[in-house]
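What follows is calculated from the coordinates using simple rules that are stated; it is not laboratory data. This is a predicted model, so every value here is computed, not measured. Positions of Cβ are generated from backbone atoms using ideal geometry, with glycine treated the same way; all protein chains shown enter the neighbour counts.
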Amino acid sequence: MQEFLELINRYPSPHNGQPIRLKQTSNEAFELYFDKSRGLQAADISFIFSFVSMGVFVEHMRLCAQALGHGFIYTSLLPSEKELHGNGTILFARCRVDWNGAKKDMRLQQTLRFRQTSRKKYYEGPSVELVDCIQRIASDNRMRLSELDAAQAVQAIWLNQRAVFDDLRDEPLRRELDHWLRYTQAEKQHKKDGLAYDCMELNGRFMKYTVDHPGILRAPGISQFLKQYYLRTMKDASSVFYMMAPFGSEQNAFDVGMVIMKIWKEVAEAGDYLHPFGTIMSNHAAHGDFLRLIGEDHESRERSYLVFIFRCGKSKPPIPSLRLPYTEHLIME
Ligand SMILES: Cc1cc2nc3c(=O)[nH]c(=O)nc-3n(C[C@H](O)[C@H](O)[C@H](O)COP(=O)(O)O)c2cc1C
């Protein structure tokens with residue numbers, strides 16, 4: 001049980017907000033809750049993206065059960081997007097764990113322990129086999145994963161940087177980011193959540209100054225320097241991918257999250273890392289420019305929407321992002 005919860009607690013979440021809580025209701029049964037105050041809320045699109053986080057979590061929990069030799073079944077009970085506004089926890093799924101009902105998978109345990117976000121420079125792109133495999137995962141789930149060519153990848157990285165800087169000039173987004181950024185080692189170790197400066201490959205004092213004075217992002221000379229500094233880990237040998245999927249309902253978004261986690265598992269199994277470019281999806285201008293870049297002029301929430309962009313490949317091991325202890329946070333009374 002302890003091993004299971006420790007492994008589950010490594011799940012990835014936007015801004016490392018760790019929004020999921022588990023309530024054990026019997027020896028085998030758990031209820032899964034989403035803590036609204038730990039989800040993102042500053043952009044309209046953030047609410048539907050919270051269902052992506054729920055899907056990521058459920059697939060991660062399923063993989064943890066499989067790795068440790070437990071059976072796992074779940075039922076989703078997704079609330080409506082509107083119900084995610086405000087504070088408090090909200091039930092979104094129930095599951096049953098059949099303890100020791102299956103064979104342990106040591107390789108999968110290793111994979112789940114290896115999986116991380118890397119914002120370092122990548123020295124190699126993913127193998128052809130890995131690309132085939134993750135594209136198949138998407139198409140088996142009626143989604144489409146495409147790889148950018150080298151020139152498009154450069155543009156995408158630039159668009160991501162522009163969107164990150166743009167968001168700092170939007171007050172609600174700036175405040176939300178400031179809430180989750182961890183600027184010093186002491187703050188990182190104390191809070192054990194959020195986006196730490198070292199995981200972001202950025203200087204903490206520099207980051208704090210920029211977030212407190214976003215006007216400098218427009219100052220001639222300084223803005224150019226900051227762009228180059230931010231981009232220094234981005235121009236590399238990685239490949240950039242984007243995924244199109246139906247995104248018209250909470251269930252669609254949940255399904256996207258499950259597919260993202262399935263892809264991330266394969267990436268980690270190959271010894272590779274990935275780095276999501278979430279800001280392009282949520283920033284209106286960057287989202288539109290990205291669609292023009294890929295020549296996609298029929299985006300629709302019902303059929304085919306831009307849901308995930310990431311770079312992927314091999315890098316040196318990233319600095320681990322911390323987690324709140326599962327005993328204090330993941331498990332609720
Ligand atoms: C749905 C989703 C979206 C994410 N979007 C971004 C993003 O836009 N930029 C980024 O740097 N990391 C992004 N991440 C990565 C998280 O910040 C990361 O998972 C978290 O900090 C924990 O770190 P780890 O993945 O190394 O365990 C995203 C993760 C998830 C699950």
(message) Could you tell me the center-to-center distance, by alpha carbons, between the stretch 296-319 and the stretch 211-240 in angstrom?
(response) 21 Å
(request) Evaluate the relative contact order of the chain (contact order divided by residue number), counting alpha-carbon pairs under 8 angstrom at least 6 apart; express in whole percent. (result) 27 percent
(request) Mind pulling the angle between the C-alpha long axis of helix 222-231 and the longest principal axis of the chain? Nearest 10 degrees, somewhere in 0 to 90. (result) 40 degrees
(request) Hey, could you grab the Kirkwood Rh for the stretch 106-177? Inverse mean 1/r over distinct alpha carbon pairs, Å, one decimal. (result) 15.7 Å
(request) Name the residue farthest towards the positive end of the dipole of the stretch 126-171 from the options Gln155, Ala138, Leu168, assuming +1 on Cβ of Lys and Arg, -1 on Cβ of Asp and Glu, about the Cα centre. (result) Ala138
(request) May I ask for log10 I(q)/I(0) of the stretch 122-315 at q = 0.12, 0.13, 0.17 Å⁻¹, from a Debye sum over the Cα atoms as equal point scatterers with solvent left out? (result) -0.65, -0.77, -1.26
(message) Tell me the mean residue ellipticity at 222 nm calculated for the chain from its helices only (DSSP H runs of n ≥ 4, each -39500 (n - 2.57), averaged over every residue, nearest 500).
(response) -13000 deg cm²/dmol
(message) Angle check, please: helix 171-180 long axis (alpha carbons) against the longest principal axis of the chain (alpha carbons), in degrees 0 to 90, nearest 10.
(response) 50 degrees
